[in-house]
Amino acid sequence: MTDRPHLAVIGAGPAGLAATVAAAAHGVRVTLLDSAAQAGGQFYRRPAAELRAHRPQALHHDWRTWERLRDGLDTHVKAGTARHLTDHHIWFVERHPGRFTVHALLGPEQEDPVAVHADAVLLATGGYEKVLPFPGWTLPGVVTAGGAQAMLKGTLAVSGRIAVVAGTGPLLLPVATGLAAAGVEVAALVESADPKAFVRRTLALAAQPGKLAEGARYAAQLARHRVRTLARHTVVEGHGTERLEAVTVAALDGAGHIRPGTGRRIPCDTLAVGHGMLPHTDLAETLGCRLDAMDVHVDDEQRTDVSGVWAAGETTGIGGSALALAEGHIAGRSAAARLRGRAPDPREWAAAARTRTRLREFAAALDSVYAPPAHWTEQVTDDTVVCRCEEVTAGAVREAVAELGAGDVRTAKLLTRAGMGWCQGRMCAPAVAGLAGCELTPSRRPFARPVPLGVLAHEHTHPTERGSS
Amino acid sequence: MTGAACALYASRAGLDVIIVDRGPVAGGTTGAGEGNLLVSDKEPGPELDLALLSNHLWAELAQELGAAIEYEAKGGVVVATSPGSLIALERFAVEQRAAGVVAELVAGDALYGLEPHLAPGLPGAVHYPQDSQVMPALAAAHLVRASGARLFTGRTVTDVLRRADGTVRGVRTDNGDIHTPAVVNAAGTWGADLAALAGTHLPVLPRRGFVLVTEPLPRMVHHKVYAADYVADVASDSAALQTSPVVEGTAAGPILIGASRERVGFDRSFSMPALRALAAGATRLFPFLADVRAIRSYAGFRPYMPDHLPAIGADPRVPGLFHACGHEGAGIGLATGTGHLIAQTLTAKTPDLDLHPFRPDRFPDRSPEETT
């Protein structure tokens with residue numbers, strides 16, 4: 001199989017899996033790399049094998065799609081047309097004329113270097129959760145909505161007895177129902193968006209019978225568990241000394257300000273909070289790929305503007321797993337054809353392309369409805385820590401803006417250190433942008449993850465590169 | 001940084017100052033610098049004189065702004081990697097001492113007393129207590145604020161306005177004209193463009209450098225530590241990639257690792273060879289760094305001049321135009337002296353240093369290099 005052109009797919013979530021299966025079935029050798037121990041990504045996250053879950057699918061819809069992908073990957077691995085490298089933490093993709101080197105770190109400490117050479121790369125790096133700060137958000141007991149869901153899917157358990165789920169976005173529904181199903185009392189689902197605005201989007205929704213059914217199912221589950229939904233509400237503050245004891249929520253007016261006098265205290269020990277998702281674009285940005293706002297720009301074949309680099313899934317724009325599957329399939333087919341020296345015929349993936357069009361419209365509709373309160377920064381007191389890595393407060397960011405002339409995220413970072421720490425601003429950049437009153441723009445992060453200087457100093461090759469596939 | 005210092009000293013000399021920048025504060029090379037205030041890497045001559053004046057002025061400013069700009073008189077340690085290079089270092093230090101630099105030879109155990117984590121077996125070093133550091137973006141922002149100058153960021157100068165006789169009467173920006181009898185070109189690496197708008201010529205070229213930043217650590221590196229070959233690289237005219245290890249701890253915890261130099265225009269793309277060379281050099285000096293993680297890296301463009309001296313002072317070809325740019329990698333350190341000298345020139349005082357070596361019209365109209 002070594003005479004086949006070689007495609008490296010980065011990320012084993014829905015987009016990466018669909019791409020791997022599609023490309024391997026069409027004449028290229030695929031190496032699928034992912035940092036997790038199992039394929040599936042965040043969406044198809046499953047309990048560790050040692051937990052022996054009997055019905056992991058209880059936490060997932062669309063389990064059959066996952067089984068089909070998993071079986072497809074297994075078939076190609078057995079046939080030698082694909083290999084799956086788990087626990088590979090990729091820190092850099094290096095571009096050479098006509099080829100690429102994917103640099104990864106292995107091992108529990110992520111310090112053993114591996115280099116994988118490929119003729120092309122397909123970025124399916126997914127997205128990560130956006131969380132905006134509020135007073136008390138750093139208290140133990142406050143978790144991200146996605147983090148709560150990952151805990152449920154991965155360990156089948158959550159700590160906490162009484163939870164509030166808050167923020168904005170479609171992820172809050174499955175988190176609330178998942179927590180309730182796991183036996184946690186969900187005291188409220190606090191959504192800052194207006195569901196009526198959603199109904200106004202009937203055009204986009206009418207074309208999405210599947211999505212409507214999904215929404216109806218969540219609504220029924222919320223009712224069954226007696227979860228109160230507070231729309232056009234927001235968490236104003238988390239209370240507690242050692243850990244979270246309660247939250248104050250308040251109603252929002254039409255302009256996104258807090259309605260005076262509507263604050264109420266809800267006792268809880270867990271707050272799962274999220275404000276949507278952002279794409280992971282570090283590898284693409286460093287490769288020189290064009291970004292449109294925060295998303296990797298791709299053409300109809302899912303090609304980036306850098307020759308030999310494809311992208312699919314959340315990294316090209318947040319749109320959910322079904323969209324990621326369609327994009328991954330198209331990307332895999334296109335890469336396979338191009339690597340074998342022929343122009344692909346888009347009719348080969350016409351069905352996936354129709355799904356993609358439909359789901360991108362749906363994602364755009366969701367995007368226009370689910371948004372944090374327009375004036376969320378008003379709740380952020382000066383002593384609220386914004387950048388947790390460097391312990392920078394909102395007051396420090398405001399001072400940099402008002403007194404020192406910082407009008408953008410980069411200058412605010414230079415003047416306050418917000419975003420200079422371990423997470424490199426992945427967590428705090430949206431908050432800093434909000435406080436600085438500017439648009440969030442992608443940051444340059446040449447290292448997608450920290451790399452030991454000893455690894456950087458040496459050129460490394462590794463046996464996996466000469467594998468039998 | 002240079003613009004901020006010019007604004008501060010001009011304003012303190014009684015002038016009404018407006019700062020115009022097409023980007024934010026510290027948006028150019030300043031934001032990508034390490035904030036070195038060095039005398040150690042300079043041979044006796046006009047640049048060293050400027051550095052000594054500047055260090056004195058920085059120490060003065062530190063009295064009022066020290067903590068806010070993270071001023072730290074940490075001292076520099078230039079390490080010899082062979083007995084031969086130690087002799088050369090000592091010879092260099094003798095000349096520097098004559099020019100007013102404090103330079104102490106340290107050998108053997110004394111070196112490891114200064115920097116306990118250096119690689120074993122190094123023959124010695126020269127310690128320069130006058131070398132200092134500031135956090136450059138904070139320094140620029142606080143100097144701008146202290147100057148009281150009006151600050152117009154996000155505003156691009158599109159033309160330098162001149163009278164029929166050629167004297168400057170202001171600048172045109174993308175958001176209106178600003179009328180002034182004196183324009184200071186502190187556009188750093190982009191200084192040649194501003195000179196061109198005024199119809200004159202200044203050969204500033206970009207020389208790219210990368211900096212590696214590690215995870216935050218307790219203080220492991222106490223001084224600015226670099227290998228003796230750094231001095232030769234700074235003085236070199238080569239366009240090819242050169243790297244010599246420069247390692248320093250910061251008040252905030254991360255260790256900064258430089259310094260690469262290459263002339264590749266304004267190409268911001270990430271260079272793996274440059275970063276590998278930086279990491280290799282740093283881990284040779286400090287072996288413990290091999291297990292320390294780099295968390296980010298950034299590129300900056302030093303304003304390179306063919307003779308490695310900045311342009312400071314009035315441009316006789318365009319009355320009313322003053323230059324304060326082309327400091328290559330020493331712009332933060334030399335900013336205070338430059339600002340002070342510019343303010344003296346603007347107010348028709350005799351400058352503290354002879355500006356003849358820095359005169360902006362010392363170059364032929366076009367160097368062959370720029371046309372290629």
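The values are calculated or read from the model by the stated rules, or taken from the named source; none is laboratory data. None of these values were measured; they are calculated from a predicted model. With ideal geometry, Cβ positions are generated from the backbone for all residues, glycine too; neighbour counts draw on all protein chains shown.
The listed residues are A:150, A:157, and the only one of them that is over 18 Å from the mean Cα position of the chain (by Cα), modelled with pLDDT under 95 and not in a strand (DSSP E or B) turns out to be A:157. Answer yes or no: is there a residue in region A:93-107 that is part of a loop (DSSP other than H, G, I, E, B), under 25 Å from the mean Cα position of the chain (by Cα), within 14 Å of chain B (Cβ to nearest Cβ) and at pLDDT below 90. Yes, region A:93-107 contains at least one residue that is part of a loop (DSSP other than H, G, I, E, B), under 25 Å from the mean Cα position of the chain (by Cα), within 14 Å of chain B (Cβ to nearest Cβ) and at pLDDT below 90. Evaluation of residue B:250 against the conditions (1) more than 14 Å from every other protein chain (Cβ to nearest Cβ); (2) under 19 Å from the mean Cα position of the chain (by Cα) shows that the sole unmet condition is (1).
For residue A:342, indicate whether it is among the charged types (D, E, K, R) and assigned to a loop (DSSP other than H, G, I, E, B).
yes
Having 1 or more residues that are exposed (fewer than 15 other Cβ atoms within 10 Å of the Cβ) is the bar; report the helices (runs of 4 or more DSSP H) wholly within region B:51-167 that clear it. In region B:51-167, B:83-98, B:109-114 are the helices (runs of 4 or more DSSP H) which contain 1 or more residues that are exposed (fewer than 15 other Cβ atoms within 10 Å of the Cβ). Any chance region B:285-295 includes a residue that's away from chain A (no Cβ under 12 Å), at negative phi and in contact with a strand residue (DSSP E or B) (Cβ under 6 Å, 6 or more places away or on another chain)? Taking every residue of region B:285-295 in turn, none turns out to be away from chain A (no Cβ under 12 Å), at negative phi and in contact with a strand residue (DSSP E or B) (Cβ under 6 Å, 6 or more places away or on another chain). Just one of the numbered conditions (1) surrounded by fewer than 19 Cβ atoms within 10 Å (Cβ to Cβ); (2) modelled with pLDDT of 90 or more; (3) closer than 22 Å to residue B:149 by Cβ is not true of residue A:381: (3). Report yes if residue B:281 is in contact (Cβ under 8 Å) with a residue 24 or more places away in the chain and within 13 Å of chain A (Cβ to nearest Cβ), otherwise no. So residue B:281 passes the test. Only one entry of A:295, A:299 meets the criterion of being surrounded by fewer than 24 Cβ atoms within 10 Å (Cβ to Cβ), out of contact with any helix residue (DSSP H, G or I) (no Cβ under 7 Å at 6 or more places or on another chain) and assigned by TED's automatic domain parsing to the domain that holds residue A:98, and that entry is A:299. Among residues of region A:375-416 being within 15 Å of residue A:429 (Cβ to Cβ) and of a type in the set (D, E, K, R), the one that is nearest to the other protein chains (Cβ to nearest Cβ) is A:408.
Quick one: which residue in B:170, B:124 is in the same structural domain as residue B:86 (by TED's automatic domain parsing) and either free of Cβ contacts under 8 Å to residues at least 60 places away in the same chain or farther than 21 Å from residue B:255 by Cα (or both)?
B:124
The C-beta contact set for region B:293-308 (first residue in contact (Cβ under 8 Å) with a residue 60 or more places away in the chain, second residue of a type in the set (Ser, Thr, Tyr) and surrounded by fewer than 21 Cβ atoms within 10 Å (Cβ to Cβ), distance under 9 angstrom, 6+ apart or interchain) comprises B:299/B:269; B:299/B:271; B:306/B:367.
So that you can scan it fast, the table gives a plain yes or no per residue for (1) over 22 Å from the mean Cα position of the chain (by Cα); (2) within 14 Å of another protein chain (Cβ to nearest Cβ); (3) farther than 25 Å from residue B:50 by Cβ:
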position	(1), (2), (3)
B:77	no, no, no
B:87	yes, no, yes
B:95	yes, no, no
B:99	no, no, no
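Within this structure, residue A:304 fails the test of being hydroxyl-bearing (Ser, Thr, Tyr) and surrounded by fewer than 24 Cβ atoms within 10 Å (Cβ to Cβ). Within region B:1-44, the set of residues being among the acidic types (Asp, Glu) and within 14 Å of chain A (Cβ to nearest Cβ) comprises B:21, B:34. Within region A:306-320, the set of residues being assigned to a loop (DSSP other than H, G, I, E, B) and more than 20 Å from residue A:360 (Cα to Cα) comprises A:306, A:307, A:308. May I ask you to verify whether residue B:365 is more than 27 Å from residue B:137 (Cα to Cα), out of contact with any helix residue (DSSP H, G or I) (no Cβ under 8 Å at 6 or more places or on another chain) and acidic (Asp, Glu)? The answer is yes for residue B:365. Do we have residue B:219 as modelled with pLDDT under 95, of a type in the set (D, E, K, R) and not in a strand (DSSP E or B) here? The answer is yes for residue B:219. Restricting A:125, A:144, A:81 to those that are touching a residue at least 60 places away in the same chain (Cβ under 8 Å) and under 30 Å from residue A:180 (Cβ atoms) reduces the list to A:144. With the structure loaded, tell me whether residue A:131 is in contact with a strand residue (DSSP E or B) (Cβ under 9 Å, 6 or more places away or on another chain), away from every other protein chain (no Cβ under 14 Å) and in a strand (DSSP E or B) or whether it fails that test. Answer is no for this residue.
If the condition is being under 19 Å from residue A:423 (Cα atoms), of a type outside the set (Asp, Glu), in contact with a His (Cβ under 9 Å, 6 or more places away or on another chain) and surrounded by fewer than 23 Cβ atoms within 10 Å (Cβ to Cβ), then region A:107-130 contributes A:110, A:128.
When restricted to residues that are buried (at least 18 other Cβ atoms within 10 Å of the Cβ), touching a helix residue (DSSP H, G or I) at 6+ places or on another chain (Cβ under 8 Å) and part of a helix (DSSP H, G or I), region B:12-50 contains 5. When the strands (runs of 3 or more DSSP E) confined to region B:252-367 are screened for residues that are in the same structural domain as residue B:227 (by TED's automatic domain parsing), those reaching at least 3 such residues are found at B:255-261, B:293-304.
From the list B:309, B:321, the one residue that fits, being surrounded by 23 or more Cβ atoms within 10 Å (Cβ to Cβ) and either hydrophobic (A, V, I, L, M, F, W, C) or closer than 23 Å to residue B:219 by Cα (or both), is B:321. Selection over region A:270-292 of residues that are out of contact with any Ser or Thr (no Cβ under 8 Å at 6 or more places or on another chain) and either among the hydroxyl-bearing types (Ser, Thr, Tyr) or in a loop (DSSP other than H, G, I, E, B) (or both) gives a count of 1.
Here region B:168-197 is the region considered, the condition is being more than 19 Å from residue B:30 (Cβ to Cβ) and in a loop (DSSP other than H, G, I, E, B), and the residue that is modelled with the lowest pLDDT is B:175.
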